[in-house]
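Trainee: Got a structure for you, written out below as structure tokens; questions coming shortly.
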Amino acid sequence: YNIRNFNFDDDFFTFNIKRARRISELILKDPELAGIRWKITTRADMLPESLLEVMAKAGLVHISFGVESPTPKVLAAVGKRISLEALKGATRLEHKYGINVRHLLMVGLPEQDSKSIDDTISFLRDTCPDEIFVAIYMPFPGAEYSIHPEAYGFLSTHVRYEDMVIRSLVRDEG
């Protein structure tokens, strides 16, 4: 099929370091895969430099990782357990190996305010990702924010999550 670019659709590609290293080594060993380019998504705190180095040699050209927000109180509110230093360090390492960096951000998170937006802009200026992707926060069913949205300053529209997903997949012909 002559595929030269692909994406591992696995939000935690480097969670199992042995597996990620083995995949990279297999790509390096196969002459038919020379020059292949690939992408992953992972957590910034699951990216040791020794692994990043072998993945880059094997053709890794792009990593996306979830920042959500660089504001500690916002991260705590949504249960994201990662430090700003891990986020900054991962971005520096990716750039060191010539890997394109995408930060995945969210707006509308609990505890987010104008200061946290300013923090995000400063963080982006400091880390210089190659790309950003911004999503609108939507509490998943069963999450505390979806059970009692009013308690967290969200409007309760009584819209079912399933209806939102289905609506986003159905083309509006009107």
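Trainee: Could you tell me how many of the residues in the range 29-73 are farther than 13 Å from Arg102 by Cα and in contact with a strand residue (DSSP E or B) (Cβ under 7 Å, 6 or more places away or on another chain)?
Mentor: 5
Trainee: So is Arg81 under 17 Å from Phe12 (Cα atoms), in contact with a Ser or Thr (Cβ under 8 Å, 6 or more places away or on another chain) and not small (Gly, Ala, Ser) or not?
Mentor: Criteria not met by Arg81.
Trainee: Every residue in the range 34-72 that is over 25 Å from Arg22 (Cβ atoms) and surrounded by fewer than 16 Cβ atoms within 10 Å (Cβ to Cβ), please.
Mentor: Pro72
Trainee: Pull up the range 101-151, narrow it to residues that are aromatic (Phe, Trp, Tyr) and free of Cβ contacts under 8 Å to residues at least 60 places away in the same chain, then point me to the one that is most open to solvent (accessible area, probe 1.4 Å).
Mentor: If we take residues in the range 101-151 being aromatic (Phe, Trp, Tyr) and free of Cβ contacts under 8 Å to residues at least 60 places away in the same chain, then Phe140 is most open to solvent (accessible area, probe 1.4 Å).
Trainee: State all residues of the range 7-49 that are within 21 Å of the chain's Cα centre (by Cα), acidic (Asp, Glu) and assigned to a loop (DSSP other than H, G, I, E, B); if no residue qualifies, say none.
Mentor: Within the range 7-49, Asp9, Asp10, Asp11, Asp45 meet the criteria.
Trainee: A follow-up question, please. When the residues of the range 87-100 are narrowed to those that are in a helix (DSSP H, G or I) and open to solvent by less than 10 Å² (accessible area, probe 1.4 Å), which ends up farthest from Asn5 (Cα to Cα)?
Mentor: The residue in question is Leu87.
Trainee: So Leu84 clears everything in (1) crowded, with 19+ Cβ neighbours inside 10 Å; (2) at pLDDT below 95; (3) out of contact with any Asp or Glu (no Cβ under 8 Å at 6 or more places or on another chain); (4) not small (Gly, Ala, Ser) except one condition, right? Which one?
Mentor: (1)
The values are calculated or read from the model by the stated rules, or taken from the named source; none is laboratory data. Every value quoted in this text rests on a predicted model; they were computed, and no experiment measured them. Positions of Cβ are generated from backbone atoms using ideal geometry, with glycine treated the same way; all protein chains shown enter the neighbour counts. Each accessible area value is taken on the protein alone, full model and side chains, heavy atoms only, with ligands, DNA and RNA left out. Shrake-Rupley method; radii C 1.70, N 1.55, O 1.52, S 1.80 Å.
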